[in-house]
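Okay, structure first, notes after.
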Amino acid sequence: MSNSVFTPPKRKRDWRLLGAVAAGVLVIGGSASACRADTTTGGGGSTTTTTGGKARTVPAFVGMGLQSAQDAAQKQGFHSLTSHDSLGRERHQILDRDWKVCSQSVKAGTTTSTNTRLDFGAVKLDETCPAKDHSAPAQVAAKMPDFKGKSVNTARDALASSTSITVKDASGKGRYVLVESNWQVCSQKPPAGTKLSGQPVEFSVVKFGESCP
């Protein structure tokens, strides 16, 4: 009997399979690069830039109902829409048909990309538009601001979150202050200009449309 060594046959490489895998890697790499095409990196990190869109003329929206203004904007191709309370009370425009437009962030007649974000300042239908949009009070840390005439919710937001706040009905009727954006500050303790060092704060309030006592 002769001793023989079995040598397995050499396996042929499937060059077609390797080529397909390589092509797939190139496609994935190209897709990843395309996804990053709108991102530029600066000293502060990555920033996404807005590109594309069509040039359109911005219509005049002031005086329209908020829902009608939004519909008209979308008809022109503007779909990035937002709105805010023109009276600075930070109320949410939940039912757009109950609000009317007082201001628009992009002036009527301006030609801009349809990717531009349009912001509408609005008040409720039975309210009067202010001559200029009001801003909510800025957050404070050192001294007590003058909150008279401001809505209770914006006054609360301007103070540190740890502040103990008491809100009382100034009319003497003992009403509960449930929706704070509907109530305005008549008086406050401590008074404006007082150094804030963690002391409790008290507001006497009435509803908007009512006179302070």
Identify, from the list Val152, Val167, Val140, the residue that is among the aliphatic types (A, V, I, L, M), without any contact (Cβ under 8 Å) to a residue 60 or more places away in the chain and closer than 24 Å to Val123 by Cα.
-> Val152
Looking only at the range 198-212, decide whether some residue is in contact with a helix residue (DSSP H, G or I) (Cβ under 8 Å, 6 or more places away or on another chain), in a strand (DSSP E or B), within 22 Å of Asp126 (Cβ to Cβ) and not β-branched (Val, Ile, Thr).
-> yes
Would you tally the residues in the range 170-181 being crowded, with 16+ Cβ neighbours inside 10 Å and out of contact with any strand residue (DSSP E or B) (no Cβ under 6 Å at 6 or more places or on another chain)?
-> 1
Residue hits (the range 60-83; touching a residue at least 40 places away in the same chain (Cβ under 8 Å), in contact with a strand residue (DSSP E or B) (Cβ under 6 Å, 6 or more places away or on another chain) and outside any helix (DSSP H, G or I)) are Phe61, Val62, Gly65, Phe78
Expected output for the range 97-120 (first residue farther than 25 Å from Ser135 by Cα, partner loosely packed, with under 15 Cβ neighbours inside 10 Å and not basic (Lys, Arg), Cβ below 6 Å, 6+ apart or cross-chain) is Thr111/Ala55; Thr111/Thr57; Thr114/Gly77; Asn115/Thr50
Among Ala131, Ala136, which is touching a Gly at 6+ places or on another chain (Cβ under 9 Å), of a type in the set (A, V, I, L, M, F, W, C), open to solvent by 30 Å² or more (accessible area, probe 1.4 Å) and within 25 Å of Ala158 (Cβ to Cβ)?
-> Ala136
Scan the range 114-122 and give yes if some residue there is open to solvent by 80 Å² or more (accessible area, probe 1.4 Å) and in a loop (DSSP other than H, G, I, E, B), otherwise no.
-> yes
Subset of the range 185-202 (residues that are open to solvent by less than 40 Å² (accessible area, probe 1.4 Å) and touching a Cys at 6+ places or on another chain (Cβ under 8 Å)) | Cys186
When only residues in the range 101-113 that are hydroxyl-bearing (Ser, Thr, Tyr) and assigned to a loop (DSSP other than H, G, I, E, B) count, which is least open to solvent (accessible area, probe 1.4 Å)?
-> Thr110
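Here is a yes/no grid of residues against (1) within 30 Å of Gly198 (Cα to Cα); (2) modelled with pLDDT under 95:
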| position | (1), (2) |
| --- | --- |
| Asp119 | no, no |
| Pro137 | yes, yes |
| Asp169 | yes, no |
| Gly174 | yes, no |
Across the range 128-166, the tally of residues that are within 30 Å of Gly65 (Cβ to Cβ) and part of a loop (DSSP other than H, G, I, E, B) stands at 12
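The values are calculated or read from the model by the stated rules, or taken from the named source; none is laboratory data. Computed from a predicted structure; not experimentally measured. With ideal geometry, Cβ positions are generated from the backbone for all residues, glycine too; neighbour counts draw on all protein chains shown. Only protein heavy atoms, including side chains, enter the accessible area calculation; ligands, DNA and RNA are left aside. Shrake-Rupley method; radii C 1.70, N 1.55, O 1.52, S 1.80 Å.
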